Structure formats: C-alpha cells, structure tokens
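Worksheet: the structure to be examined is printed underneath.
The values are calculated or read from the model by the stated rules, or taken from the named source; none is laboratory data. The structure presented is a predicted model; accordingly, all values stated were derived computationally and were not measured. Positions of Cβ are generated from backbone atoms using ideal geometry, with glycine treated the same way; all protein chains shown enter the neighbour counts. Quick note on the areas: whole protein, heavy atoms, side chains included, nothing else; ligands and nucleic acids left out. Shrake-Rupley method; radii C 1.70, N 1.55, O 1.52, S 1.80 Å.
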Amino acid sequence: MYRKSKWKRGYNLEGLAHGNNEKSVPQLLISDLKFEKSLAKLMFSPDQENHPSKAPVKYGELIVLGYNGSLPNGDRGRRKSRFALFKRPKANGVKPSTVHIACTPQAAKAISNKDQHSISYTLSRAQTVVVEYTHDSNTDMFQIGRSTESPIDFVVTDTVPGSQSNSDTQSVQSTISRFACRIICERNPPFTARIYAAGFDSSKNIFLGEKAAKWKTSDGQMDGLTTNGVLVMHPRNGFTEDSKPGVWREISVCGNVFSLRETRSAQQRGKMVENETNQLQDGSLIDLCGATLLWRTAEGLARTPTVKHLEALRQEINAARPQCPVGFNTLAFPSMKRKDVVDEKQPWVYLNCGHVHGYHNWGNKEERDGKDRECPMCRSVGPYVPLWLGCEAGFYVDAGPPTHAFSPCGHVCSEKTTAYWSQIPLPHGTHTFHAACPFCAHQLAGEQGYIRLIFQGPLD
C-alpha cells in the first residue's frame, strides 16, 4: 500500500535546465483545462443510451484486471476481458436438496451419474458424502473458470503483467481452476448476486477429493474449499471516488466467508466470519489465483464513464496542443484503437517529476542503467516511458479528467482512480499482495504508485 503525500501544484521554471532560455515556459496542468459541460451527457452507460425498457435485465459485469479494454489479440467468444451477466430466458439456478451420508464410493458414483447437479465430499477411501442439488426457478447461474467446456460461461486464463499477446499467457502453468467459481443471481429485484467457490463440470458434478479442505458444519451440512481458493474483497463506501479498500476473505463451496489461510493452498481453513456474506457489491474484487475480476453492478455502471466519454477527454487534451519542451513539437494521444502502438506524437513522461515530453534522446547517457533518463526541465533522473490512456472505463471510480499516470507503466486516468487502485493490495502468487495498475497488472512503484502529469502549453 502506498503512502499518500501532497504534491506541489507546479514548478516556477524559467527555461530549460540545460540552458538560459530567457522566455518562461508556460505550464499546462490538465486539471486547468476547461472541459466542456456537454461531456456530462456522455457519462451515461450504453444501457442508458438505449431504451432500458426494451433491453434485457443486466445483473452486472465481470472485468478482468490487467487488460486495457480487450484481450491482447482481441475478444473471442467466451474468452474476453469483460463479461456481461444478463437475465436468462429460462432460469438455470440450482439449490441444495437431498444429502446422502456415509456412501461408499460406488454408491456416490451412482448418485453423481444421475441427471442432476451434485457436490461430492470424499472423506476417506471408504466414505463420501454427496449433496444433490435441485432446480431453482428463482435464480440464474453463471460459471467462471479456465476450462473451455460448455458449462463455463466466462473462460479466464492467467494474467501476465504487460502481456502483448495471448501466447504470453499460454507458456505459464496455470493456477486457475478449470471450474473456478459460480455466481448465482436472483431473477427478481434487487437482482442480488452471490459468489460460491467451484463450478459444476460437464457431468454436473463438483468433486472435493481427500486432500481438499472440507468439514461438517454445525447444522450437519458439508462445506469445503477449493485447492487454491476463491478470494473476495468488498470495498468500503462502494465503488466511488470515496472508496477505500476492504479486507480479503475466502469464499467456500457453499458460499460461507472465512479469513485467509496461511498460504493459498493450506489444508487448514481460516476462521469463519459470521457477520459477512458472499453477496457481491459494486466494486467487489474476485481473485482466482492467476486472474482477478472486478464486479460492477448495472447501477454502478450507469454512473461510470463510457468509452465515448473517455474519447471526448482524449480529444480535449489533444485540442489543447501540449508541446514537447525540447523539440517544441505538438503532442497527441493516439486513438483508443491504437492503444498498444507507440505513435510519433505520443507523449512521454519522466516518472520522477511528471514532466511530459515527446520522445527525444536528450539526457540519454550510456553510463546510466536501463531506462533512467535525466529530465531537461528539472534535472531529476528516473524512468522515461510513453503515456497510454486507460481505455477500460469500468476501472474508473469517477469521471475526472486524465491528470495522473500509474508508475512505472504510464497508464493515464483520473487522479481519484489512480489514488484508489494504488491503495488496493491485489493477491500475487500464493501468499503475497501488492498494488498494481488495473490496465496492465504491472506492480506499482514509487512513493505513491502514481504521478501528476505536467504538460507544457503551446508557445503561441
């Protein structure tokens, strides 16, 4: 987690640091721009732009952290960076019914082979408990996992920070379960969504083997955890500009809430948290040990900037004609369709000070390691990276102008959005946490994990 500190409003610069330029250099902070009030009408979500009475009911959306609007090679079928959950034409939810206790493995197999959903808890080689599930006409079920089999609605693979192609993720041995979790949504208002660990396979079964953490509850029912677990964090104050990080918890197969295990796959479960539930809220984070998903409710998305709004902000920045203080060439953010290709007019930033330039070789000395460069405006030495607009609108906590950038990746968004994500400890590996950029999953660096951008205005 990064410590908050106040940044100075600007610099009193009188020329480039490497020369006595008599003309003062005009400073341009994006927050000083007069953004058009007409942008407000672009703030509505796509659902509001259409006729909501004719649109199907949307429960919410799942957005994978680490992708800037789409997967590197594009979204295809059930494998995408964003998945919308709509009310199904016919309910497909299930709920527990008959419990078969002290079954032999043969009897358990016979029960599991019936044409209905079931969860099997293997206690020993001679004893298995099978819980049958029956149809629930009041709920819809959606399943998430690594498997491409038909029961999975949303196929998720491991997120590799900064990956530029899907092949980057395929070389990594996955830690995401084939049938990782399921979300059950109420078909009637307020359309409550709840999350459960594990998903039913093609035979409509969930199997918890001998080594899986499992136990009998106080009311005689069975419950258990999956190998690497499903973790959930609900933000405090919702997903707004006032949001604060919550506490990471683990969700069981039956939807109960527990404190975290000592390590991700430890046999011993954490303590049950009685006063918390598995109900998802706007901004809830779901970690599947290899990928983290953000849950946005339909109501929350209605208050979120749209891609149209972000495009209007991009055009406003470019219309201000920011210039490179060295080359005096006009800078411009490329279109969102070219969000991964460095353009010749692309703004670059010195991450230690926030001064924005075009790409140039000033201060590039061979004796310096890596990307470290000296800023010609203030002489600070540090990384020098291109700036990229954050194009995934679902990650924004407000509709503020793009005044700040994450460090060290250079993804640009509003100040409150950078401040929020820099405070969120995201699970990494089996037992560590760190803050990361939501647009590319790179671990944040520096005192805060983000910087305020300082542009130079046109000299005319």
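Quick notes
- Surface listing: R125, R269 arranged by accessible area from highest to lowest gives R125, R269, probe 1.4 Å.
- In this calculation the C-beta distance from K216 to S137 is compared with R0 = 22 Å, giving a FRET efficiency of 0.15.
- Note: relative contact order over the range 378-457, using C-alpha pairs below 8 Å and six or more positions apart, is 28 percent.
- Based on alpha carbons, the Rg and Dmax found for the range 86-140 are 13.4, 43 Å.
- Cα→Cβ-extended label distance, 7 Å offset, between K204 and K90, nm: 1.3 nm
- Shown for the range 156-300 is the translational diffusion coefficient from the Stokes-Einstein equation, using the Kirkwood radius over Cα pairs, a temperature of 10 °C and a viscosity of 1.306 mPa s: 97 µm²/s.
- Fraction of the pair-distance distribution of the range 225-293 above 15 Å, Cα-Cα pairs, percent: 51 percent
- For the range 365-449, the list of GluC sites (Glu not before Pro) that fall in a loop by DSSP and count at most 14 other C-beta atoms within 10 angstrom reads E366, E367, E447.
- Local electrostatic count at F154 - Lys and Arg +1, Asp and Glu -1, tallied over other residues with Cβ under 11 Å: +4
- Taking trypsin sites (Lys or Arg not before Pro) across the range 202-240, the ones in a DSSP loop with at most 13 further Cβ atoms lying within 10 angstrom of their Cβ are K211.
- Additional length obtainable on full extension of the chain from Q173 to R321, 0.36 nm per residue less Cα span: 48.7 nm
- Stokes-Einstein diffusion of the range 393-443 at 37 °C, 0.692 mPa s viscosity, Kirkwood radius from Cα pairs, rounded to a whole number: 292 µm²/s.
- Of K58/K95; K114/K216; K109/K204; K114/K214, those spanning more than 18 Å from alpha-carbon to alpha-carbon: K58/K95; K114/K216; K114/K214
- Rounded percent of accessible protein surface that carbon and sulfur make up, the range 230-318, 1.4 Å probe: 45 percent
- In this structure, K244 and Q443 have a Cβ-Cβ separation that, at R0 = 22 Å, corresponds to a calculated FRET efficiency of about 0.60.
- Put a dot 7 Å past the Cα of S97, heading toward its Cβ, do the same for K114, and the two dots end up 0.7 nm apart.
- Placing pseudo-labels 7 Å out from each Cα toward the beta carbon at R76 and V381 gives an inter-label distance of 4.6 nm.
- Shown here for the range 254-355: GluC sites (Glu not before Pro) in loop regions (DSSP other than H, G, I, E, B) with at most 12 other Cβ atoms within 10 Å, namely E262, E274, E344.
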